[in-house]
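The values are calculated or read from the model by the stated rules, or taken from the named source; none is laboratory data. Bear in mind that the values here come from a model prediction, so they are computed numbers and not experimental data. Positions of Cβ are generated from backbone atoms using ideal geometry, with glycine treated the same way; all protein chains shown enter the neighbour counts. Ligands, DNA and RNA are stripped out before the accessible areas are found, and what is left, the full protein with its side chains, is counted by its heavy atoms. Shrake-Rupley method; radii C 1.70, N 1.55, O 1.52, S 1.80 Å.
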Amino acid sequence: MSSIRDAIAKCGAVLEGEFLVALTSRRVAKKYVNMDPVLTRPTLVDAIGSKLVRGYDRRCNAVVGPAISGIPFVYAAARALRIGNTSLDLRTAFAEKQADGSFQFERMGFVSSLVGRDVLVVEDATMTGGSAKAVVDLVRKAGGTVVGVTFIWNHGSVTAETLGVSETQSLVTEHAESWEPHEQPDWGTLPLVQNVGHPEYYPDYPGPTTSLLTT
């Protein structure tokens, strides 16, 4: 799996330094994996998709993930399943984040397409597993059975037990420490990144700010 890790890092997706990134969980970290650069490389997306479904090719008939950056990986994973089994009656869906932080299946036909299905949940990068857990719960509510959760990059300590599922797998497992904002030793001193993560959570950040990416 190290080749996937190297490919993700080579395209500039791994951001690490003397700065703080606000995470979806509202914690902050000095290391962050931003999958956007990966999405500019369809060959890499397809390679990741084939690895995400390894071991699930005869065990699932639906692939689901959280929007937004997870959407291409849902479809890459589904393509890989179809390559291995062209007769597979496969479904895909993605859950969209709401203003209150929850997720919902908003698109027409998404909920009904999962009834009675064996579903693989895929996600790109996770620290706490919160988004994946929300999607797992939605799949079950829709009448699907979750056969597993697979991550591209797990930089927390997310396990099957964390998510309430039978099994998980991660293409890359690499710890990144995170903190509650006011417990971070350099809070208010290190710059808060403004164009990655969720800086909108902290509009009154007392320290400097910075931008990491160019358009």
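With all projection directions averaged, the alpha carbon convex hull of the range 49-176 covers 7.2 nm². The share of C-alpha pairs in the chain whose separation exceeds 24 Å stands at 43 percent. Each Lys and Arg Cβ is given +1 and each Asp and Glu Cβ -1; about its Cα centre, the chain then shows a dipole of about 880 debye. The 3J(HN,Hα) values that the Karplus relation (6.51, -1.76, 1.60; θ = phi - 60°) gives for the range 117-133 are, in residue order, 8, 8, 10, 9, 9, 10, 9, 6, 10, 9, 10, 10, x, x, 5, 4, 4 Hz. Gly and Pro appear as x. Rounded to the nearest 500, the helix-only mean residue ellipticity at 222 nm of the chain stands at -7000 deg cm²/dmol, with each DSSP H run of n ≥ 4 adding -39,500 (n - 2.57).
Relative contact order for the range 1-89: what percent, with Cα pairs under 8 Å and sequence separation of 6 or more?
Numbers: 89 pairs, mean separation 20.3, N = 89.
With pairs under 8 Å counted, the relative contact order is 23 percent.
Which lysines have a Cα less than 20 Å from the Cα of residue 10, not counting those fewer than 8 places away in the same chain? Reachable lysines: 30, 31, 51.
With respect to the chain, whose longest principal axis is taken over its alpha-carbon atoms, helix 71-84 is tilted by about 30°.
Applying the Karplus relation 6.51 cos²θ - 1.76 cosθ + 1.60 with θ = phi - 60° to the range 157-164 yields 3J(HN,Hα) values of 10, 6, 10, 4, 5, 3, 8, x Hz, where x marks Gly and Pro.
Each part gets one Cα centre, and for the range 127-168 versus the range 56-91 those centres are 16 Å apart. Normalised by the number of residues in the range 67-215, the average gap of Cα pairs under 8 Å and 6 or more apart makes the relative contact order 15 percent.
Distance between the modelled labels on residue 7 and residue 145, one decimal in nanometres: 3.2 nm (7 Å Cα→Cβ projection). Per-residue 3J(HN,Hα) values for the range 139-148, derived from phi via the Karplus relation 6.51 cos²θ - 1.76 cosθ + 1.60 with θ = phi - 60°, read 4, 5, 4, 6, x, x, 10, 7, 8, x Hz in sequence order (x marks Gly and Pro).
Dipole orientation for the chain: of the candidates 12, 152, 92, 92 has the Cα lying most toward the positive pole (charges on Cβ; Lys, Arg +1; Asp, Glu -1).
Over the range 112-215, what per residue volume does the convex hull of the Cα atoms give, in whole Å³? Walk me through the intermediate numbers first.
Numbers: hull volume 15.3 nm³, N = 104.
Dividing the Cα hull volume of the range 112-215 by its residues yields 147 Å³.
For the chain, the longest principal axis of the Cα atoms and the long axis of helix 42-52 meet at an angle of about 70 degrees. Placing pseudo-labels 7 Å out from each Cα toward the beta carbon at residue 179 and residue 100 gives an inter-label distance of 3.2 nm.
Solvent-accessible area of the range 115-215 (1.4 angstrom probe, protein heavy atoms only): carbon and sulfur portion equals 47 percent.
Using 1/(1 + (r/R0)^6) with R0 = 22 angstrom and r between the beta carbons of residue 40 and residue 211, what's the FRET efficiency to the nearest 0.05?
On the way: r = 19 Å, r/R0 = 0.85.
Calculated transfer efficiency: 0.70.
Cα convex hull, the range 1-80: 109 Å³ per residue, rounded to a whole number. Computed extension length for residue 88-residue 167: 26.2 nm, one decimal, from 0.36 nm per residue of separation with the Cα-Cα distance subtracted. Across the alpha-carbon set of the range 25-119, the Rg to Rh ratio works out to 1.01, Rh being the Kirkwood radius.
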